[in-house]
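All of the numbers you see were taken from the coordinates with simple rules; none came from a lab. Just so you know, these numbers come straight off a predicted model, no measurement behind them. Cβ coordinates were reconstructed from backbone atoms using ideal geometry, including for glycine residues, and neighbour counts include every protein chain displayed.
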Amino acid sequence: MNLPSINPTKTEAWRKLQVHFSEIKEVHMMDLFNQDKERVQKMNITWNEFQVDYSKNRITDKTISLLLELAEDLGLKEAIELQFEGSKINQTEDRAVLHTALRDFDIMKPEVKKALQKMKKFSNAVIKGKWKGYTGKTITDIVNIGIGGSDLGPKMVTNALKYYSNSLKIHYISNVDGDHVSENLKEFNRETTLFIIVSKSFTTQETMTNANAIKNWFLQGATQLDIEKHFVAVSTNESAVIDFGISEHNVFPIWDWVGGRFSLWSSVGLSTCCAIGYNNFEELLRGAYEMDLHFKNEEFSKNIPVVLALLSVWYNNFFDCESEAVIPYTQYLEDFLPYLQQTVMESNGKSVDRNGNTINYQTGTIVWGNVGANAQHAFFQLLHQGTKLVPVDFIGFSESLYNNKNQHQILKANFFSQSEALLQGTYKQNEPNVYKVFSGNKPSNTILINSLTPKSLGSLIAVYEHKIFVQGIIWNIFSFDQWGVELGKKLTNQLLFPS
Ligand code: F6P
């Protein structure tokens, strides 16, 4: 069954939202807080270790109910069901969208179970030093060679969960930049380094160029027969992997119903699994699965991804905000933004609707940001006093991992005070210096999580995955293809190999 395809701007809810917008666009949130003492309690969702406070948004109860009406008018409920039951909702590629099946521990597909077992066996052997290199030495370094979804997701998770990692050193090579590859090769020891080539298609030019360069470097000191001990691959294209010279036993599967940017939960996450061990990797999946259940079953008014998505639509399509910022208050999430940029923008950067018509309203938001408190000393000036309205998601953790109470107190104080400053500005303060006046009234969500664990990270990533889905449904676009990237690839090849 196909997704519903309704132009959102033609719905009754959209029309009502337009009228409502003209009524509240100038209202200051401080007045809304003063008028409604229960605002904070009402606009809050507590779920597992998460507390999502969305009270600092330019909304009233009416805004929320109209946004929920919009979701209903556009068939969000049935769209969610279609996704989870495996309908081919990625219509332009004739594929299902089932990254959620990679972490469904209740009805796990046999092939997923088998792949997880293979990952477990492999990662255990490497971690415990049972997997030996061609001279009999233990593996010390793992290099993930891949790009886009075959790099950004696993790299982000590996770095985010560093606290849980073992002594293996994990590296990521993505760019087709020979200098970068050469700099890395200087550090690697052929005898103790294992390479994971991750490419769903096994044809991506950047990845294959790097993989071949690295294989040639390897063969300068070892033989063809030694490849088996140092090269494994994650791909759907088994024959190309074997042609490359990798043993069929060293191929980890992925399926066409898993999009590249949603694939970190599959064997694409093998480097992460080696870094943190299988049990932690499974916890990551379980965290995502719990969020899947919340997304699928919770009513929309208390549904974290749904509420965050609708708020984002509110700013994107009514306030004409072009971008939104995400600021995680932990250095561990340093790579979260590049990861999010691919998942969000490759998914929802579309301008043709599900009926094949050119769209005349805004779709995909631009997502940007960096970790706090660093970001405060970089671009926060623009957020506070610039001319652009940029809604912000603040992500913070109640507890630090090393229990360094004093510093964590300071980090948390920054986390809470920035959203307050954006909200209040110098509201009703008699600030005589015009340069020190802050209008305030800048929207933000605060997502407070107990602590950064494999499980809570899994849930957090799934929040954003589902947010993307909801927005794609509202905007009536296909979120799971990426035809726009293909033209550039074609032109590069024409430049390199003119016919
Ligand atoms: O950039 C386009 C893209 O297809 C991404 O969607 C994908 O994550 C990346 O290239 C890598 O693709 P592959 O895993 O097939 O090498």
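Of note:
- Leading residue at positive end of dipole, region 47-195 (Cβ point charges), from V112, S55, T140: T140
- Shape of region 155-254, Cα gyration tensor, a/c cut at 1.5: rounded
- Taking Cα centre as origin and charging only the Cβ of basic (Lys, Arg, +1) and acidic (Asp, Glu, -1) residues, the dipole magnitude of the chain rounds to 860 debye.
- Rel. contact order, % - alpha carbon contacts under 8 angstrom, at least six apart, region 32-134: 10 percent
- Positive-pole candidate from V251, S312, T236, dipole of region 229-312, charges at beta carbon: S312
- Sequence-distant contacts, meaning Cα pairs under 8 Å at least 6 residues apart, place the relative contact order of region 295-416 at 32 percent.
- Region 49-105-region 360-433 distance, computed between alpha-carbon centres (Å): 26 Å
- DSSP bridge pairs, the chain: antiparallel proportion in percent, nearest 5: 25 percent
- Helix 405-424 axis versus longest C-alpha principal axis of the chain: approximately 50°, rounded to the nearest ten.
- 0 to 90° range, to nearest 10: angle between helix 61-73 axis and the chain longest Cα axis: 50 degrees
- Percentage relative contact order, the chain, counting C-alpha pairs under 8 Å, at least six apart: 20 percent
- Between 0 and 90 degrees, the angle of helix 483-496 with respect to the longest Cα principal axis of the chain falls at about 40 degrees.
- Helix-only CD estimate at 222 nm, as mean residue ellipticity for the chain, using -39500 (n - 2.57) per DSSP H run (n ≥ 4): -13500 deg cm²/dmol
- In terms of other Cβ atoms within 10 Å, I477, I197 run from fewest to most in the order I477, I197.
- Under 14 Å, Cβ to Cβ, from L496 - net charge with Lys/Arg +1 and Asp/Glu -1: +1
- Packing-based ranking of 482-488, 417-423 yields 417-423, 482-488, ordered from highest to lowest mean Cβ neighbour count within 10 Å.
- Packing, taken as the mean count of other beta carbons within 10 Å per residue, orders the peptides 106-112, 468-474, 289-295 from highest to lowest as 468-474, 289-295, 106-112.
- Dipole orientation for the chain: of the candidates Q381, P432, G277, G277 has the Cα lying most toward the positive pole (charges on Cβ; Lys, Arg +1; Asp, Glu -1).
- Using a cut-off of 31 Å between Cα atoms, the listed pairs K42/K350; K428/K467; K16/K77; K200/K412; K10/K302; K169/K455 include K42/K350; K428/K467; K200/K412 as exceeding that distance.
- Under 16 Å of direct C-alpha separation, and excluding same-chain neighbours fewer than eight residues apart, K120 reaches these aspartates and glutamates: E111, E282, E283.
- For region 358-365, 3J(HN,Hα) per residue [Karplus equation, 6.51 cos²θ - 1.76 cosθ + 1.60, θ = phi - 60°, Hz, x = Gly/Pro]: 5, 8, 10, 9, 6, 10, x, 7
- Neighbour-count order for E228, E283, fewest beta carbons within 10 angstrom listed first: E228, E283
- M30, M43 arranged by Cβ crowding within 10 Å, fewest neighbours leading: M30, M43
- Burial order of peptide ranges 305-318, 7-20 (average beta-carbon count within 10 Å, highest first): 305-318, 7-20
- Share antiparallel - DSSP beta bridges, region 99-281, percent rounded to 5: 5 percent
- Charge dipole (debye, nearest 20) of region 99-281; +1 at Cβ of Lys and Arg, -1 at Cβ of Asp and Glu: 740 debye
- Total charge dipole magnitude, region 1-106, about the Cα centre, Cβ charges on Lys, Arg, Asp, Glu only, Debye to nearest 20: 380 debye
- Positive contributions from Lys and Arg (+1) and negative ones from Asp and Glu (-1), summed over other residues with Cβ under 14 Å from the Cβ of M43, come out at +3.
- Net charge of Cβ neighbours under 10 Å - reference E187; Lys, Arg +1; Asp, Glu -1: 0
- A straight Cα-to-Cα reach below 15 Å connects K37 with the aspartates and glutamates D53, D61, residues fewer than 8 places away in its own chain not being considered.
- Paramagnetic label reach from Q91 (point 7 Å along Cα→Cβ; backbone nitrogen cut-off under 17 Å): within region 353-374, residues 353-360.
- Scaling against 2.2 N^0.38 Å puts the C-alpha radius of gyration of the chain at 1.02.
- F105-E334 FRET efficiency (beta carbon distance; Förster radius 22 Å; 0.05 resolution): 0.15
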